[in-house]
Amino acid sequence: MSGEIEDKPQPLIEHLIELRQRLMWAVGAFFVAFLVCFYFAKGLFNLLVLPFKWAVNWAGLTHRNVELIYTAPQEFFFTQIKVAMFGALVIAFPIIAQQIYKFVAPGLYKNERAAFLPFLVASPILFLIGAALVYFFFTPMVMWFFLAMEQGGGEGEVSIQLLPKVSEYLGLIMTLIFAFGLVFQLPVVSSLLVRAGLVSAQTLAEKRKYAIVIAFVVAAVLTPPDPVSQIGLALPAILLYEISIYTARLIERQRAQAASQTDAAVATTEEADKA
């Protein structure tokens, strides 16, 4: 990709024109993806309801139909719009990221581009891993936790069943997906900071206890007020922090090896000049 980019000085007006073109491509890709997703919005929403169905099976309520309700006439319509926007962002992200890279790349050195590209690839992969973890494991677990609070009814009891609203269920699963997706970016962000020299592996290791506290606080803010989802987000965050420390040490080791090789080459050149 770097060979296709013209790395030459440009006046401000040309930068603004290029920025406008990049934004038009990104917005256009998002708009086209939104139209496609809106057309299939009900099918996409049914896919998002599958974790709720799995939770019903986990709870042993196989005889029960999975039902969601909406209490305002326009609620399901706006829910479909949110589903379409969510799907469009996922589909259009590669094009949006490509446009951002093509705008930023001319201002980077060749080695900086080579260092930046792996993170550009790793970021969506890690986000998808976090989203998959939410979809296949944590959302069914959270819904199973809430289903366990139901009351079957009988003598002296009223029947209490979970009937989620379509907008609230969508808000729950989207919040979990974005929360886990962002937390899974921790190795990418920390690696970029280490490469930029803003933090070090030793600093990350020394701040480990603060990171653990912050992980639980962030989990309490981003997830529903139940211990299952909060612990479920905090534990992966702590594990990813440990992976970030390991990655930072690898980067520093590679940097030290490159520096020693450079020093050895300089010393060899100086000795050859003296000879």
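The values are calculated or read from the model by the stated rules, or taken from the named source; none is laboratory data. Note that the structure is predicted; figures quoted are calculated from it, not measured. Every residue, glycine among them, receives a Cβ derived from its backbone with ideal geometry; neighbour counts consider all protein chains shown.
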Check your understanding: Could you list, in sequence order, the residues of region 223-269 that are touching a residue at least 24 places away in the same chain (Cβ under 8 Å), aliphatic (A, V, I, L, M) and under 16 Å from Val134 (Cβ atoms)?
Key -> Val228, Leu233, Ala237, Leu240
Practice item. Determine which single condition Leu198 fails, assuming it passes every other condition in (1) among the aliphatic types (A, V, I, L, M); (2) closer than 24 Å to Asp226 by Cα; (3) free of Cβ contacts under 8 Å to residues at least 40 places away in the same chain. Key: (2)
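Looking at Phe184, Phe93, Phe127, which is the one that is more than 20 Å from Lys53 (Cβ to Cβ) and in contact with a Leu (Cβ under 6 Å, 6 or more places away or on another chain)?
Phe184
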Review point. Within the group Leu35, Leu50, which residue is under 25 Å from the mean Cα position of the chain (by Cα) and loosely packed, with under 13 Cβ neighbours inside 10 Å?
Key: Leu35
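Please pick out the residue among Val166, Val228 that is under 25 Å from Val56 (Cβ atoms) and at pLDDT below 85.
Val228
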Review point. Is it fair to say Leu126 is in a helix (DSSP H, G or I) and either aromatic (Phe, Trp, Tyr) or over 13 Å from the mean Cα position of the chain (by Cα) (or both)?
Key: no
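Could you please let me know if Phe45 is closer than 22 Å to Leu128 by Cα and either modelled with pLDDT under 90 or assigned to a loop (DSSP other than H, G, I, E, B) (or both)? Walk me through it before giving the result.
Working: closer than 22 Å to Leu128 by Cα: yes; either modelled with pLDDT under 90 or assigned to a loop (DSSP other than H, G, I, E, B) (or both): no.
No, not satisfied.
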Review point. In this structure, does Thr79 turn out to be within 26 Å of Phe146 (Cα to Cα), in contact (Cβ under 8 Å) with a residue 40 or more places away in the chain and exposed (fewer than 15 other Cβ atoms within 10 Å of the Cβ)?
Key: no
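Give the residue, chosen from Val158, Val121, that is farther than 21 Å from Leu240 by Cβ and surrounded by fewer than 15 Cβ atoms within 10 Å (Cβ to Cβ). Reasoning before the result, please.
On the way: Val121 fails: farther than 21 Å from Leu240 by Cβ.
It is Val158.
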Check your understanding: Can you tell me which residue in region 189-205 is modelled with the highest pLDDT, limited to those that are surrounded by fewer than 21 Cβ atoms within 10 Å (Cβ to Cβ) and β-branched (Val, Ile, Thr)?
Key -> Thr203
Check your understanding: Under 7 Å by Cβ, and 6 or more places apart or on different chains, what pairs join a residue from region 91-119 that is within 30 Å of Leu44 (Cα to Cα) with one that is assigned to a loop (DSSP other than H, G, I, E, B) and at pLDDT 85 or above?
Key -> none
